[in-house]
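The block underneath contains the structure these notes are about, expressed in structure tokens.
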Amino acid sequence: MGAEALPRSGEIATDAVVVASHPLILGLQPAALVDHVAPVDWSLLGKIPGDRGGSMPVAIEELEHLLKEVKETKLASLDELPPMKTMAGGSVANTIRGLSAGFGVSCGIIGACGDDEQGKLFVSNMSFNGVSLSRLRMKQGHTAQCICMVDGLGNRTMRPCLSSAVKIQAGELTKEDFKGSKWLVLRYAISNLEVIQAAIQIAKQEGLLVSLDLASFEMVRNFRSALLQLLESGDIDLCFANEDEATELLRGEQNFVPEAAAEFLAKHCKWAVVTLGANGCIARHGKEIVRVPAIGEAKATDATGAGDLFAGGFLYGLVKGLSLEECCKAGACSGGSVIRSLGGEVTPENWQWMYKQMQIKDLPLPDLLH
């Protein structure tokens, strides 16, 4: 199978799956990202500044220091913890890769990666999973990295290093990037606001629907007014928020209940989804509201990517024309599949587990299985 060439860059040979020139779903991830996912002891998390369970940017020196600490803590615990896993990461990449590899939906990614080892790893991982890379620019410089530290309960604390990483700029986006696609998947980030706004503008001109993930409770807390402007623009068709993000969004307006958050988001978006971890999710479309339980929570090894894969399953449901409840069930199946192992990438055996859950729930299986 031939690899897609990365435009405006040196070509990279990979074992890529040949994909459609106009992917059904596009993900915008301005900076390609590589995740280092490591199970850690509680004692290490106690020494790290910032909220446990949150996401806080760090400089490259701090990232390297954390990677060293993790390795040394492992040695101290006589390798009781499973090894660190390194893979292409980032919320949008997780969603897009899952849609392509697990659901057989044609997907592409818009962004930039560096010409370093991490950049090559990102390209290899995404292309192996069938994601179109013809909209990924390669630039000289560093690829973003993130360390995801997973505690004994499967909760993850993330420290991304993005400051010196290459990324795509608003002015580099073209209509050609979006032409022929149906959905654009985004993640809210104040540092990417300009490129997000530019992407939404072109996407809307090209007739795409836009899905937005609220990223993290810190991002909502610290940059709430810019987020509200984005929602109030009417350009966001689908919004995903987890419980913590939804709480921050409603801050000062009313006491948090999931129904209120879904109602608030539904004022601005056609579809609004609030994920509630082990308590499942609540979703709203117009006046319709559904609540669906979680699937597979009994075996939560690592929550990394749970929301991202949930979004993938929900989007699969939408492109298949399923009901709101069925979309939530598909999301619960895929979200449940990723938490069974470390990292935001679903293993082959966990895809099989997901297909079994989908059959039990009487959901249509992906075309790639037929």
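The values are calculated or read from the model by the stated rules, or taken from the named source; none is laboratory data. Bear in mind that the values here come from a model prediction, so they are computed numbers and not experimental data. Ideal geometry is used to build each Cβ from the backbone, glycine not excepted, and the neighbour counts take in all protein chains shown.
Counting only residues that are out of contact with any helix residue (DSSP H, G or I) (no Cβ under 7 Å at 6 or more places or on another chain) and of a type outside the set (A, V, I, L, M, F, W, C), region 90-105 holds 2 of them.
Any idea how many residues of region 188-225 are under 17 Å from Lys267 (Cα atoms) and either of a type in the set (A, V, I, L, M) or surrounded by fewer than 21 Cβ atoms within 10 Å (Cβ to Cβ) (or both)? Total satisfying the criteria: 6. When restricted to residues that are in a helix (DSSP H, G or I) and crowded, with 24+ Cβ neighbours inside 10 Å, region 262-316 contains 13. Scanning region 285-314 for residues that are modelled with pLDDT of 95 or more, more than 25 Å from Asn155 (Cβ to Cβ) and not β-branched (Val, Ile, Thr) turns up His285, Glu288. The single condition from (1) outside any helix (DSSP H, G or I); (2) surrounded by fewer than 24 Cβ atoms within 10 Å (Cβ to Cβ) that Glu345 fails is (2). If you go through region 151-169 one residue at a time, do you hit one that is farther than 30 Å from Arg52 by Cα and surrounded by fewer than 22 Cβ atoms within 10 Å (Cβ to Cβ)? The answer is yes; a qualifying residue exists.
Just one of (1) crowded, with 16+ Cβ neighbours inside 10 Å; (2) in contact with a helix residue (DSSP H, G or I) (Cβ under 8 Å, 6 or more places away or on another chain); (3) of a type in the set (D, E, K, R) fails for Arg52. It is (1).
For region 1-49, the set of residues classified as at pLDDT 50 or above, over 20 Å from Gly141 (Cα atoms) and surrounded by 21 or more Cβ atoms within 10 Å (Cβ to Cβ) consists of Pro23, Ile25, Leu26, Gly27, Val37, Ala38, Pro39, Val40, listed by residue number.
Of all residues being part of a loop (DSSP other than H, G, I, E, B) and not acidic (Asp, Glu) in region 114-134, which is surrounded by the fewest Cβ atoms within 10 Å (Cβ to Cβ)? Just the residue, please. This residue is Ser134.
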